[in-house]
Amino acid sequence: MGRVNEPSFRESVDLMFNRAVALMDLPPGLEEKIRVCNSTYTVRFGVRLRGQIQTFTGYRSVHSEHMEPVKGGIRYALSVNQDEVEALAALMTYKCALVEAPFGGSKGGLRIDPRQYDEHELELITRRFAYELAKRDLIHPSQNVPAPDMGTGEREMAWIADQYARMNTTDINAKACVTGKPLNAGGISGRVEATGRGVQYALREFFRDPRDIEKAGLTGTLDGKRIIVQGLGNVGYHAAKFLSEEDGARIVGIIEHDGALYNADGLDVEAVRGWIVKHGGVTGFPDATHSIDGAACLEEKCDILIPAAMEGVIHMGNAKRIKAPLIIEAANGPVTAGADEILRKKGTVIIPDMYANAGGVTVSYFEWVKNLSHIRFGRMQRRQEEARHQLVVDELEKLSKAAAIPYTLSPEFKQKYLRGADELELVRSGLDDTMRISYQSMRDIWHDRADVEDLRTAAYLASITKVAASYRAKGL
Ligand code: NAD
C-alpha cells in the first residue's frame, strides 16, 4: 500500500513464510526453492477500441510447479502489478497444499478498470489476454488453470474457455482450462458462492472448539455475533448472506468503495446488495448510517471482522485501533505483516487467508475434475440412492403396519431422506469436509506446539510441510 515502513504485499507474504520456516527443520536450499516465485510473464498487448489502439499490461505468475497444473485467479484492477501477482501466486501454492487441492500456485492480473469498458470491449480485451496466455501454455488444462478473482467472474471465465477451445479445437479436455465458468459453459453448481460459503464453514468449525472461542475472548456460538464485512463483492456478499441467514449472525457494518454503512440492529444484506447493483455503491442506502470514511468502520466494535475486498487494509497505521477479537481474512493479504505482529501481541485471533478463502479453489478443483471426467457429479448415483432409501421407508411402513404400531414417518422426514444428493449438495458436502479437515490440521498445530502462537503460522507449517514433501518426492 506504499505506507512508510510497511513491507510490500510480496514482502509481507515472505515475512510470514520466514516466521514459519524458522520453526521448521528444512534444508536452506529447499526453503529458498519453496519461497521463490518460479516465473512471471508480463504481456503488453493492443486492442482496437473506440477507433484507436489501446495498450494493456497483464501478468501471469507461476510460484511453484511442485504439482501441475498450477492454479490461481485472474484479477482485473488498476492496482495490479508484478509484486501483487507474485504475492498472490505464492499464497495459492500454500493454500492449495493446505486444503489438499492437487495444484501448484499461480496468479494472473490485468491492469484495467473494468468499469470503464462495456461488455463487448471487455470481451475483446479478455479474449486477447487469454490468447496471449494460452499461446504460451499459461492457460492449459494440464499446466495452468485460471479462475475468477477481483473484477472478474463467470462471464470472463466463459470467454477464456471459449478462446482456448478455439485455439485447441481437438483438445477433448478444453473446458478444464479454466474454472469458475457458468453452468452452461462447463461450470459446476456452487462455484459462485464457494469462497463465501467456505468462510461460513470456516467460522462454524472455529466455533466448534471451546478452546478457540476462548482464545478469541468470545463465548457462545455464531448466533447473535456482530459482524463487520469489508467488500460486498462475490466473497463478502456470500459470506455475509449465509452467516446472517443461516447462522443467526448480525451484519452490523458493510464497508464498500464509497464508504461504510452501520446499523447496530443488523443490516439486510440482500437489500444492500440490491442497492449497490442499482446505484453502484452504498451511498444513499436507507436504514443505516453512512460514513464516507469506510476504513474507519474497520475500527468499530464487533465480534468478527471480515475483510473481503483487497490486500493491505489492516496495516501498521490502524492495527492498534482494530477492536474485533476475531478476524477472518476472506480477502487475500488484508493484514500486512506489520499489522499481523501488532494484532498477535494484542491477542486478536486471525483466521488466515490461505485457509479462510480456500473455498474458491476447492470448488474449482471439483469443477476441474468434473470437466476431465465429462460428467456431472451425482448423475450416476442419485436415483439409485433414492431407490434404496425408498426401500427402507417402504419396509419400515410395512413393519409398522404389520406390528400394528401406530407410527408413521413424518412427511418432512420422508422428503428429506428420500431425496438423492444433487451436484450442489455434493459440492457443499465436499467443501464443508475440506474446510473442517484443513482447519483441524491448523488447530492441532496451534494447540499442540508451544512455539506456535497463531493460526497463520500453523497454516504455513501445515502447508510448507506438504510442499516440502512433494519436492523431496521429486528428488529435490
Ligand atoms: P469482487 O470484485 O467481486 O468484490 C470486491 C468488492 O470490494 C467489490 O464490491 C468492490 O466494490 C469492493 N471494494 C473495492 N475497493 C474497496 C474499498 N476500498 N473498500 C471497501 N470495499 C471495496 O472480488 P472478490 O472475488 O469478492 O474478491 C475479494 C477478495 O477475495 C480478493 O482479495 C480476492 O483475491 C479474494 N478471493 C476471491 C476468490 C473468489 O473466488 N472470487 C477466491 C479467493 C480469494
When you scan the stretch 151-163, do you find a residue that is more than 21 Å from the chain's Cα centre (by Cα), over 17 Å from residue 63 (Cβ atoms) and open to solvent by 50 Å² or more (accessible area, probe 1.4 Å), even just one? yes
Tally the residues that are outside any helix (DSSP H, G or I), more than 15 Å from the ligand (Cβ to nearest atom) and either free of Cβ contacts under 8 Å to residues at least 40 places away in the same chain or among the hydroxyl-bearing types (Ser, Thr, Tyr) (or both), restricting the search to the stretch 222-253. 5
Could you check how many residues of the stretch 301-312 are out of contact with any strand residue (DSSP E or B) (no Cβ under 6 Å at 6 or more places or on another chain) and more than 12 Å from the ligand (Cβ to nearest atom)? 1
Exactly one of 426, 431, 391, 399 is open to solvent by 50 Å² or more (accessible area, probe 1.4 Å), touching a Gly at 6+ places or on another chain (Cβ under 6 Å) and not charged (D, E, K, R), and that one is 426
Looking at the stretch 245-280 only, could you name the residues that are of a type in the set (Gly, Ala, Ser), surrounded by 15 or more Cβ atoms within 10 Å (Cβ to Cβ) and over 20 Å from residue 221 (Cβ atoms)? 253, 259, 260
Going residue by residue through the stretch 324-347, is there one that turns out to be assigned to a helix (DSSP H, G or I) and under 30 Å from residue 115 (Cβ atoms)? yes
Residues in the stretch 100-118 that are open to solvent by 10 Å² or more (accessible area, probe 1.4 Å) and either free of Cβ contacts under 8 Å to residues at least 12 places away in the same chain or under 19 Å from residue 367 (Cβ atoms) (or both) total 5
Scope the stretch 313-339; condition within 15 Å of the ligand (Cβ to nearest atom) and of a type in the set (D, E, K, R); matching residues: 329
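Would you point out which residue out of 76, 117 is more than 11 Å from the ligand (Cβ to nearest atom) and at pLDDT 95 or above?
117
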Could you please find all residues in the stretch 283-297 being within 10 Å of the ligand (Cβ to nearest atom) and either in contact with a helix residue (DSSP H, G or I) (Cβ under 6 Å, 6 or more places away or on another chain) or over 18 Å from residue 150 (Cβ atoms) (or both)? 297
I need the full set of residues from the stretch 174-214 which are basic (Lys, Arg) and either outside the structural domain of residue 161 (by TED's automatic domain parsing) or under 17 Å from the mean Cα position of the chain (by Cα) (or both), in order please. 181, 191, 197, 204, 208, 211
Odd one out for residue 265 among (1) touching a helix residue (DSSP H, G or I) at 6+ places or on another chain (Cβ under 7 Å); (2) more than 19 Å from residue 233 (Cβ to Cβ); (3) of a type in the set (D, E, K, R): (1)
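In the stretch 254-282, which residues are among the acidic types (Asp, Glu), within 11 Å of the ligand (Cβ to nearest atom) and not in a strand (DSSP E or B)?
Let us first name the residues in the stretch 254-282 that are among the acidic types (Asp, Glu), namely 256, 258, 265, 268, 270.
Narrowing further to those that are within 11 Å of the ligand (Cβ to nearest atom): 256, 258.
Result: 258, single match.
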Please state which of the following conditions residue 377 fails to meet, knowing it meets all the rest: (1) under 30 Å from residue 244 (Cα atoms); (2) assigned to a helix (DSSP H, G or I). (2)
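Return yes or no: is residue 288 of a type in the set (A, V, I, L, M) and surrounded by fewer than 17 Cβ atoms within 10 Å (Cβ to Cβ)? Give the derivation first.
On the way: of a type in the set (A, V, I, L, M): yes; surrounded by fewer than 17 Cβ atoms within 10 Å (Cβ to Cβ): no.
No, not satisfied.
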Criterion: more than 25 Å from residue 266 (Cα to Cα), of a type in the set (D, E, K, R) and open to solvent by 10 Å² or more (accessible area, probe 1.4 Å) - qualifying residue of 345, 301: 345
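Filter the stretch 172-188 for residues that are open to solvent by 30 Å² or more (accessible area, probe 1.4 Å) and under 30 Å from residue 355 (Cβ atoms); which is nearest to the ligand (Cβ to nearest atom)?
At the first step, the residues of the stretch 172-188 found to be open to solvent by 30 Å² or more (accessible area, probe 1.4 Å) are 172-173, 175, 183-184.
Narrowing further to those that are under 30 Å from residue 355 (Cβ atoms): 173, 175, 183.
Numbers: 173: 22, 175: 18, 183: 16 Å.
Within the stretch 172-188, the match that is nearest to the ligand (Cβ to nearest atom) is 183.
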Within the group 34, 74, which residue is open to solvent by less than 10 Å² (accessible area, probe 1.4 Å) and out of contact with any strand residue (DSSP E or B) (no Cβ under 6 Å at 6 or more places or on another chain)? 34
Given the conditions (1) in contact (Cβ under 8 Å) with a residue 40 or more places away in the chain; (2) more than 16 Å from the ligand (Cβ to nearest atom); (3) outside any helix (DSSP H, G or I), and given that residue 169 satisfies all but one, which numbered condition is not satisfied? (1)
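Could you grab me the full set of residues in the stretch 50-99 that are small (Gly, Ala, Ser) and over 15 Å from residue 11 (Cα atoms)? Even if it seems obvious, please write down each step before you answer.
Looking only at the stretch 50-99, we keep the residues that are small (Gly, Ala, Ser), and these are 51, 58, 61, 64, 72-73, 77, 79, 87, 89-90, 97.
Hits for the stretch 50-99 are 51, 58, 61, 64, 72, 73, 77, 79, 97.
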Pair list, Cβ < 6 Å and 6+ apart or interchain, from the stretch 380-393 residues that are farther than 9 Å from residue 418 by Cα to residues that are among the charged types (D, E, K, R): none
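Output yes when any residue across the stretch 121-136 is farther than 27 Å from residue 17 by Cβ, within 13 Å of the ligand (Cβ to nearest atom) and either surrounded by 24 or more Cβ atoms within 10 Å (Cβ to Cβ) or assigned by TED's automatic domain parsing to the domain that holds residue 79 (or both), and no when none is. Give the derivation first.
Pass one, the stretch 121-136, residues farther than 27 Å from residue 17 by Cβ: 121-132, 134-136.
From what is left, the residues that are within 13 Å of the ligand (Cβ to nearest atom) are none.
No, the conditions are met nowhere in the stretch 121-136.
The values are calculated or read from the model by the stated rules, or taken from the named source; none is laboratory data. Model, not experiment: these values are computed from the prediction. Because the Cβ atoms are built from the backbone with ideal geometry, glycine has one as well, and the counts that use them run over all protein chains shown. Side chains included, ligands, DNA and RNA excluded: accessible areas come from the protein's heavy atoms. Shrake-Rupley method; radii C 1.70, N 1.55, O 1.52, S 1.80 Å.
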